[in-house]
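The values are calculated or read from the model by the stated rules, or taken from the named source; none is laboratory data. Everything numeric here is computed off the predicted structure, so don't read it as measured data. Cβ atoms come from the backbone with ideal geometry, glycine included; neighbour counts cover every protein chain shown.
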């Protein structure tokens, strides 16, 4: 039953009750026969007054609102009164921070319904705990408490917490209002260091955004500030949330540098350097970095992982071979290369044991100097020749007594007071202290044996000439090597073959880089050919043919060749070429190889990128009879310089300055500078040998 019907029914019942009372009063009057008429009239008037003044009670019933609303929500408030009467019906919204009237009206219905938006237009700035109060004709009613809020529950999530510069990051924002409904609004994102300042829409409570970091953003922790909000129809922000997310930017290596204190290392000491790594803002960073150390032939010596910016010490032994060393530092895709030089050190040490003077070569090159040994006032000069690490001993003799012994080579000096004995002042080589027969007992036995065979052969009619064909070369028995040692090896007579006879005349075609201890130090010419795109062209059918042609060109001039990574090296050593004038042949080989490669590039689609460098310098070489290869050890920068020139050349052949000085009378060349190198490009070669032969033949033909 509606409130209006209820009110009418109540009013009707009240009238009927009043009428019954009135009829009852009339019945009483009849009974009493009108004896008390004035009193009855008063009673009737009082009853009529009561009926007119208070026809019905005016109770108010309020519908209960939701527990929470967000600003901008529509709210509907309903109330019911049991009877309509004169007067105003009032409904107010009361909150912690104020009050606003919702309606003030004369009722035409017992049901009141009011719908409005929780915006500043209707409720001003009311928020917090609120309730609705209604009043009508002196009666009041109040709703249960509810909340009006501008709160938004939001959070932002990054797909990564640590990023590198230039890296992309995904940002997702989820936003729900306090009333449990998804936000329909906007998100303002601010990340000033990354150049990000923009607003994105929030649809159904979700916003997504992807951005990339600048390549030069500094390492550190940054804050991304986000404001999520909703606006009303007038454009005013009504619900919002502020977020702040931290993001860490890592240091990223962008460059690497090798810092050296000196270009030249000192043997017997530590060579120190640092590897410095720079980040995206060109600031130094501490990280792990790998470095490798290579010798002059690009053979790896050391391969380690170290910390950047820390001092690294490499021990350089006293007898370390001279020449260039290469340090290569690497981190990621970045690398750096530096060279340092180990100079030639000619150095000896002295040691006295009783009356014996021991002299040892502690340098890194063969020692060849005159040494002055003084015993008291007596001086003796000896010609000293020592290989690296080799020692010689001398017995010091003098009439009994103590003597001041002084030894010097002009640089190194040694002195000591020594007790000596002997008949005279002498310096005796210990190796020569025995008799000739004792020192060469095996040789003498061999000679006696050979002589015996000779007598036997003659007696048997073998003949002198046939016998001499089997005789070994005795001069080789007594031949001294370059350090003064006598060879005691000789072939056995009974096993001589023709192949053994030519073994000493091997002409090697291949070379092998190794540590040569007792070889010969010779002035050699080097031709270095660098195939710069070897990885690309080495699988082709024609590549092997081209390499074979290059090797054949080297061998045709009695040179030896060997391959090292993307280099083909041609070495012209006097021990193999039987001449000391190898530089001009090296230039001719380089020109021929240049022609071979350029001719190939004109015929084939896949071009070979190359560079040729020619240099001259010292190598320690020997011929290995077993492998029939020439073994060599580089001294100084002989091989390294040839490689560096080849690396700087672009499809051409270039000469080093040391080599050009030796061939400048025969070779005409144009000078140029490549980095820190002075190089020469050949323009023409004047073959004086051919001209000399022509003049000789011409003179012979016209001689009278």
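General remarks:
- Test: residue in the range 629-649 that is over 30 Å from residue 341 (Cα atoms) and either in the same structural domain as residue 387 (by TED's automatic domain parsing) or in contact (Cβ under 8 Å) with a residue 40 or more places away in the chain (or both): no
- Filter pass, residue 600 being touching a helix residue (DSSP H, G or I) at 6+ places or on another chain (Cβ under 8 Å), surrounded by 14 or more Cβ atoms within 10 Å (Cβ to Cβ), in the same structural domain as residue 612 (by TED's automatic domain parsing) and at pLDDT 90 or above: no
- Condition check for residue 393: surrounded by 13 or more Cβ atoms within 10 Å (Cβ to Cβ), in contact with a helix residue (DSSP H, G or I) (Cβ under 8 Å, 6 or more places away or on another chain), at pLDDT 90 or above and within 21 Å of residue 517 (Cα to Cα): yes
- Yes/no for residue 112 being surrounded by fewer than 19 Cβ atoms within 10 Å (Cβ to Cβ), more than 51 Å from the chain's Cα centre (by Cα) and not assigned by TED's automatic domain parsing to the domain that holds residue 239: no
- Residues in the range 636-653 include none that are modelled with pLDDT under 90 and more than 33 Å from the chain's Cα centre (by Cα).
- Residue count for the range 399-421, restricted to those that are surrounded by 15 or more Cβ atoms within 10 Å (Cβ to Cβ) and in a loop (DSSP other than H, G, I, E, B): 2.
- Here 121, 148 are screened, and the one residue that is assigned to a helix (DSSP H, G or I) and either within 30 Å of residue 204 (Cα to Cα) or modelled with pLDDT of 90 or more (or both) is 121.
- Meeting the requirement of 2 or more residues that are surrounded by 14 or more Cβ atoms within 10 Å (Cβ to Cβ), in contact with a helix residue (DSSP H, G or I) (Cβ under 9 Å, 6 or more places away or on another chain) and at pLDDT 90 or above, the helices (runs of 4 or more DSSP H) wholly within the range 523-577 are 543-556.
- Residue list for the range 654-681, filter: within 17 Å of residue 527 (Cβ to Cβ) and in contact with a helix residue (DSSP H, G or I) (Cβ under 7 Å, 6 or more places away or on another chain): 654, 655, 656, 659, 662, 663, 666, 667, 669, 677, 679, 680
- Strands (runs of 3 or more DSSP E) wholly inside the range 289-390 that include at least 1 residues being in contact with a strand residue (DSSP E or B) (Cβ under 8 Å, 6 or more places away or on another chain) and within 30 Å of residue 403 (Cβ to Cβ): 348-353, 356-361, 367-375, 378-386
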